[in-house]
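The values are calculated or read from the model by the stated rules, or taken from the named source; none is laboratory data. As the structure is a prediction and not an experimental result, all values here were calculated from the model. Here Cβ is always computed from backbone atoms with ideal geometry, including for glycine, and neighbour counts include all displayed protein chains. Note: areas computed on protein heavy atoms with side chains; ligands, DNA, RNA excluded. Shrake-Rupley method; radii C 1.70, N 1.55, O 1.52, S 1.80 Å.
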Amino acid sequence: AHQFVNKHPTGQDASRGHNREFGYRAEIVRTIGDALVEVGGDLQHTSSWRQTPTYSVPSIDGPLLLLSLNELEDAWWTRSAYTHVRWAPRASVLVAAGLRVVDEAWLRSPAVGRWVAGEWGFRDRWTVTASAAVSHQLTNLHAALDSRAHRGVATERGDHAEIGIGRSIGRAFRFHINGYSRRERDLVTDPRFIVTFASASAPWNTFGDNLH
């Protein structure tokens, strides 16, 4: 849990609020043959409250006059489950793969992240690595807006692929060269709490929330 207060240069509140979270997590790890299998899930509850005032500024040097107080409050559950497998068919080869499913009240549909990675060692000191993944970032709309008006949003998505080669030099040093490609889509810019002034002569126009 944490609380925050943002102030104007006058010392008056620009915004204030609090966020609280608690959750439960369970994991099972088991070895099956040459593979290590992990399965788990978690359940998290989040609540958020924010208050933002609207002011009027009669003049540049005048005090801020409070017009209204706007409050937003909401609570929601986030559910997720994952599995991850590490397999070593040979001493020089390691393969890992997994997926994670996340569901939240905001989402249009559950988000499924997945990944695969491999490592191959050869000629004693050389190693080739490669990986690919699809990841999702939950939007942060609930940090500023009433979730009841913003159900059914998509997650931000990133597609990532990487390949590299490395070599050990003695016992203390190692160099590694990587090349990668990443593509992002469905990016969402968080809305900010904006304080609107009735007078255009105000020396400032907006105050964003400084939570992040």
Residue count, segment 1-33 (criterion: open to solvent by 50 Å² or more (accessible area, probe 1.4 Å) and more than 23 Å from residue 100 (Cβ to Cβ)): 11
Cross-chain or 6+ apart pairs with Cβ under 6 Å, segment 108-136 first and among the charged types (D, E, K, R), then at pLDDT 90 or above and open to solvent by less than 70 Å² (accessible area, probe 1.4 Å): 114/134; 119/94; 119/129
- request: Hey, could you check segment 105-141 for residues that are more than 17 Å from residue 85 (Cβ to Cβ), open to solvent by 40 Å² or more (accessible area, probe 1.4 Å) and in contact with a Ser or Thr (Cβ under 7 Å, 6 or more places away or on another chain) and say which is modelled with the highest pLDDT?
  value: 120
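For segment 9-45, give me each residue that is of a type in the set (Gly, Ala, Ser) and either in a strand (DSSP E or B) or within 21 Å of the chain's Cα centre (by Cα) (or both).
Passing the criteria: 14, 15, 17, 23, 26, 35, 40, 41.
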- request: Could you give me the residue pairs with C-beta distances under 6 Å whose first residue belongs to segment 46-62 and is part of a loop (DSSP other than H, G, I, E, B) and open to solvent by 10 Å² or more (accessible area, probe 1.4 Å), whose second residue is modelled with pLDDT under 80 and not small (Gly, Ala, Ser) wherever it lies, and which are 6+ apart or on separate chains?
  value: 60/203
Test: residue in segment 1-23 that is under 19 Å from residue 116 (Cα atoms) and in contact with a Leu (Cβ under 9 Å, 6 or more places away or on another chain): no
task: Considering only segment 154-175, state which residues are surrounded by 15 or more Cβ atoms within 10 Å (Cβ to Cβ) and among the basic types (Lys, Arg).
output: 157
